[in-house]
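Undergrad: First the structure, then my questions, so here it is.
The values are calculated or read from the model by the stated rules, or taken from the named source; none is laboratory data. All values reported here derive from a predicted model rather than from experimental measurement. All Cβ positions, glycine included, derive from the backbone under ideal geometry; neighbour counts span all protein chains shown. Accessible surface is based on the protein model in full, side chains and every heavy atom, while ligands, DNA and RNA are left aside. Shrake-Rupley method; radii C 1.70, N 1.55, O 1.52, S 1.80 Å.
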Amino acid sequence: MKKTLLLLLGLLTALPAPVGATATAADLPLTLEAAWQLADQSNPVLNSARANLATAEGQLADAQGLLWNNPQIAAERVRRTVPDPGLGDRTQREWNVGLTQALEIAGQQGYRRTAAEQELAALRETIEEARRQLRAEVEQKFVRVVSLQLRAEMEAGLVDLIKENSAVTRKRFDAGEDTKLDANLAEVELGRANNQLEIVAEQLIQARADLATLLQLPAAKLPTVKGSLAVKPELPYTVDQLLAAAASRAQLRALDHREQAARHRLGLERAAVYPDVTVGLSSAREGPGDAREKLVGLSVSIPLPFFRRNAAGIGKASAELTQAEIEKQAAARDTRARVLSLWQKLDSLRQRVRRMDQSVLQRLEENQRLSTAAYRAGEISLVQMLLATRQVLDTRREVLEAMTDFALTRSELEQSAGWTGTK
């Protein structure tokens, strides 16, 4: 049993980290802000999303070029043998240089550039959304660690209380004032309390390991956190403010940019039906040395779109646009509904915590103090004292669970609404 208590105390003991300092594995206990900093710097999913920026920026750089198609240059040098009736065959050298450029004539360049700009903007908003989701996940795991630390302290306090009462029961049994049944009951309650303490300690280790994994901390470093589950009487926002924030959250902005990109890609595919005009300019020298001719030519060519009208490209782009519109509408509808449901749940949890803490728990704690004093004075039995203790402990557990649910629900609500205000 001493080993269990020493393990628990080792898990709960730590030095406070400097405010505003960047957290490392050795800066214990972690604050929520420090945990967010670690996640922003080291999370592989977020860093992978940031790495995709190079691809979108490269596509935009290509689309912003003066022309989409590169010019083509061709050079030709010819050795021609010309028969001369009087002198035999005569060799002469001729050359030809030409430059051609394909020109888009239906505004494809503008569609392509705007689509690339919208894709880059969508990716940036997606990264911001991924960052917010990561912060929400970190906060939820952080809250679970805080909750289990408080639960461990609560269970350790119960063990100490039962130990004191067990010592009193043992003395009274030795003095013949209590029965063997009371002595056995006290030992059983102490064993149950120690077992519950060990279970919570194991859950706390797992919760810290989960947080360490998310923060990419070394496997040997299980973070102790510093935080509170106190439920404030008032929230720093109203449901209308949350709904307004939800309408412009990063996820919806990303979907809007993707819809605009899909719309311009459809315009690009439709414009591709119009053929590119290829303009060429050439210069050549031909003929014998004494009668060499200099030729300059201008050519224009255009394919005739008789057999291929880009129906496949237009159909695919049209389907992508429709899917983007549907996804945006569904996300907006689901976000609003989720914010409203989480707001109602949060309000219910706040009222429940306040009611249990103010009206129920305070009276039970008073009953526990009175029953403990009465038992030690021999006025009530051990069963009555344990009943009052169990009522207080069960109520404290319920309050702690409700406070934990409140913190988790609040984090989920703010993430769903894209709230960026003060916590």
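Undergrad: Give the long-range amide H neighbours of residue 30: residues separated by 5 or more places, or on another chain, with amide H under 5 Å away, using H modelled in the peptide plane at 1.01 Å from N.
TA: Under 5 Å from the amide H of residue 30 lie the amide H atoms of 224, 225, 226, each far enough along the sequence or on another chain.
Undergrad: Could you compute how much accessible surface residue 73 exposes when probed at 1.4 Å, giving the result in Å² to the nearest 10?
TA: Accessible area of residue 73: about 130 Å².
Undergrad: Pick from 78, 146, 399: which is most flexible by mean-square fluctuation in a GNM of the chain where alpha carbon atoms under 10 Å apart are linked?
TA: Evaluated over the chain, the most mobile residue of the options is 78.
Undergrad: How large are Rg and Dmax for the range 171-300 when calculated on the C-alpha trace, in angstrom?
TA: 41.1, 141
Undergrad: At 25 °C and a viscosity of 0.890 mPa s, what translational diffusion coefficient does Stokes-Einstein give for the range 345-423, taking Rh as the Kirkwood radius over Cα pairs? Give it in µm²/s as a whole number.
TA: So the translational diffusion coefficient is about 169 µm²/s.
Undergrad: Still on this structure: Pairs of alpha-carbon atoms within less than 8 angstrom and 6+ residues apart define the contacts here; what relative contact order does the chain have, in percent?
TA: Dividing the mean separation by the residue count of the chain yields 22 percent.
Undergrad: A further question follows. With the crude spin-label approximation of a point 7 Å out along Cα→Cβ, what separation in nm comes out for residue 306 versus residue 284?
TA: 2.7 nm
Undergrad: Largest first and in whole Å, what are the equivalent-ellipsoid semi-axes of the range 305-344 based on the Cα gyration tensor, each being the root of 5 times an eigenvalue?
TA: Semi-axis lengths for the range 305-344 are 40, 4, 4 Å.
Undergrad: Can you give the helix-only mean residue ellipticity at 222 nm for the chain, where every DSSP H stretch with n ≥ 4 adds -39500 (n - 2.57) and the sum goes over all residues, rounded to the nearest 500 deg cm²/dmol?
TA: -22500 deg cm²/dmol
Undergrad: Let me ask something additional. Taking Cα atoms, how many degrees apart are the long axis of helix 180-214 and the longest axis of the chain, rounded to 10 and kept between 0 and 90?
TA: 10 degrees
Undergrad: Please list the equivalent ellipsoid semi-axes of the range 272-384, computed as the square roots of five times the alpha-carbon gyration tensor eigenvalues, in descending order and whole angstrom.
TA: Semi-axes, largest first: 94, 21, 11 Å.
Undergrad: Return, ordered by residue number, the residues of the range 380-423 whose backbone nitrogen is under 18 Å from a label point located 7 Å along Cα→Cβ of residue 247.
TA: 416-421
Undergrad: If I stretch the segment between residue 238 and residue 202 completely, what's the gain in nm (0.36 nm per residue apart, minus their alpha carbon distance), one decimal?
TA: Gain in length upon complete extension: 9.1 nm.
Undergrad: Between the DSSP loop rule and a limit of at most 13 other Cβ atoms within 10 Å, which chymotrypsin sites (Phe, Trp or Tyr not before Pro) in the range 283-358 are left?
TA: Within the range 283-358, the qualifying chymotrypsin sites (Phe, Trp or Tyr not before Pro) (loop, at most 13 other Cβ atoms within 10 Å) are 306, 307.
Undergrad: So, one more: When the Cα atoms of the range 69-148 are enclosed in a convex hull and the volume is divided per residue, what value in Å³ results?
TA: So the per-residue hull volume is 132 Å³.
Undergrad: Between residue 381 and residue 133, what is the FRET efficiency for a Förster distance of 45 Å, r being their Cβ-Cβ separation, to the nearest 0.05?
TA: 0.25
Undergrad: In addition: Could you bin all the Cα-Cα distances of the range 250-293 into 5 Å bins starting at 0 and give me the percent of pairs in each, rounded to whole numbers?
TA: All Cα pairs considered, the percentages come to 5, 15, 10, 10, 8, 8, 7, 7, 6, 6, 5, 5, 4, 3, 1, 0.
Undergrad: Follow-up. Just to compare against my own numbers: the Cα pair-distance distribution for the chain, 10 Å bins, whole % per bin, please.
TA: 4, 14, 17, 15, 12, 10, 8, 6, 5, 4, 2, 2, 1, 0, 0
Undergrad: Under 19 Å between alpha carbons: how many lysine pairs meet that in the chain, if sequence neighbours fewer than 8 apart on the same chain are excluded?
TA: Within the chain, the lysine pair count is 13.
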